[in-house]
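Report on the following structure.
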């Protein structure tokens, strides 16, 4: 049986680098900055790329190779490159593929740091961005210019868990011969594969659900081989590569992703259903709730709804402050995708740099809570959140 034809869980567990002479069952850590050569000719051939082998860990390493190979198989991608952080993956992907004068069409609902790249830093290099509303994918075509190079979106979005129609975006990108880049962080390759719907590249912050235990930072971009080649060359020079240790951790984490994601999604749906009928909650958004605006799209392109639940508590700023100060078990943190349930106030943390009008556009209110639902028993998660809500 070929590994490439086996199921997600099997590929995540069984994809490994070649064994050493010790025939180890678990891939060892290759904590080395460089690699040695048999002679000058081997070294010349390796640097000339006539011979494929590891040269220097800024370029590649057996641990990062294993992690990238797994991610490519799980996403259905041809090639990939691993980065030190998720934002390093976002920045390097764009920087490698864009030239001065190019144009991006992006969904307005993107992570705050990505928005800062588009609005503060890329304009320095004459790279402009036009935004489309999360609920109006068809407006993308009206924003396309002769110099448009990339269509970009997160789905589900951070922090509002809106869902975009990836098939529709893929069709638009193909029609206009534009690259489609999708941030798949919230869904992971277990729940969603954007390449199947027309994405050319898929980006992940591996810090989140891929690690799943809040231990290491990491990012990865996978997709078409010729595009990854450009990203690799840019990254080989600029140096945002993932460390071998983090790659080892993340590769091991992928072995349990399916098991963890199933429990995350089960817990998240139960919490969302509980919150939807709570008198201290104005609204709840979760992709697999029938009340979600893009519920049918989510069901079409996702296996389950993910682990993020967004909701708004009553009482505005003071209500939100009371809620967060009353939390006892859940963690107050800016991270997500952890085994531990985390509650975050996007308006004052992850998206605090956005202007008030920009927050309104993407649905971030003063009372909005982003809950990354963990692996604790669901009864304990609900009990903690309920007792905090009752204090409002």
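The values are calculated or read from the model by the stated rules, or taken from the named source; none is laboratory data. All of these numbers come straight from a predicted model, not from anything done at the bench. Cβ coordinates were reconstructed from backbone atoms using ideal geometry, including for glycine residues, and neighbour counts include every protein chain displayed.
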### Query
How many of the residues in region 124-156 are in a loop (DSSP other than H, G, I, E, B) and farther than 18 Å from residue 182 by Cβ?
5
### Message
Suppose the filter is farther than 21 Å from residue 87 by Cβ and not assigned by TED's automatic domain parsing to the domain that holds residue 286; does residue 112 pass it?
### Response
no
## Note on the structure
The condition of being assigned by TED's automatic domain parsing to the domain that holds residue 197 and touching a residue at least 24 places away in the same chain (Cβ under 8 Å) holds, among 249, 313, only for 249
### Query
Out of region 261-306, which residues are part of a strand (DSSP E or B) and in contact with a helix residue (DSSP H, G or I) (Cβ under 7 Å, 6 or more places away or on another chain)?
281, 284
#### Entry: Boolean, residue 326 is surrounded by fewer than 17 Cβ atoms within 10 Å (Cβ to Cβ), touching a strand residue (DSSP E or B) at 6+ places or on another chain (Cβ under 6 Å) and at negative phi
no
## Note on the structure
Of the candidates 216, 140, 220, the one satisfying the condition of being free of Cβ contacts under 8 Å to residues at least 40 places away in the same chain, over 20 Å from residue 105 (Cα atoms) and crowded, with 18+ Cβ neighbours inside 10 Å is 216
### Task
Give just the number: which of (1) closer than 21 Å to residue 184 by Cβ; (2) without any contact (Cβ under 8 Å) to a residue 60 or more places away in the chain; (3) surrounded by 18 or more Cβ atoms within 10 Å (Cβ to Cβ) does residue 168 not satisfy?
(3)
### Message
Going by what's in this entry, would residue 121 be described as in a helix (DSSP H, G or I), in the same structural domain as residue 163 (by TED's automatic domain parsing), modelled with pLDDT of 95 or more and within 17 Å of the chain's Cα centre (by Cα)?
### Response
no
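Listed here are the residues, each with its yes/no results for (1) farther than 30 Å from residue 146 by Cα; (2) in contact with a helix residue (DSSP H, G or I) (Cβ under 7 Å, 6 or more places away or on another chain); (3) modelled with pLDDT of 95 or more.
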| residue | (1), (2), (3) |
| --- | --- |
| 2 | yes, no, no |
| 14 | yes, yes, no |
| 51 | yes, yes, no |
| 59 | yes, yes, yes |
| 97 | no, yes, yes |
### Summary
Matching residues in region 216-232 (in contact with a helix residue (DSSP H, G or I) (Cβ under 6 Å, 6 or more places away or on another chain) and farther than 18 Å from residue 154 by Cβ) number 3
### Query
Quick one: is residue 299 on the phi < 0 side of the Ramachandran plot and either free of Cβ contacts under 8 Å to residues at least 24 places away in the same chain or touching a strand residue (DSSP E or B) at 6+ places or on another chain (Cβ under 9 Å) (or both)?
yes
### Summary
Note on region 272-291: residues surrounded by fewer than 22 Cβ atoms within 10 Å (Cβ to Cβ) and under 20 Å from residue 188 (Cβ atoms) are 288, 289
### Query
Would it be correct to say that residue 315 is on the phi > 0 side of the Ramachandran plot, over 19 Å from the mean Cα position of the chain (by Cα) and surrounded by 15 or more Cβ atoms within 10 Å (Cβ to Cβ)?
yes
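Okay, residues lined up against (1) in a loop (DSSP other than H, G, I, E, B); (2) free of Cβ contacts under 8 Å to residues at least 24 places away in the same chain:
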| site | (1), (2) |
| --- | --- |
| 319 | no, no |
| 328 | yes, no |
| 334 | yes, yes |
| 339 | yes, no |
| 359 | no, yes |
### Message
When you check residue 381 against the structure, is it free of Cβ contacts under 8 Å to residues at least 40 places away in the same chain and surrounded by 19 or more Cβ atoms within 10 Å (Cβ to Cβ), yes or no?
### Response
no
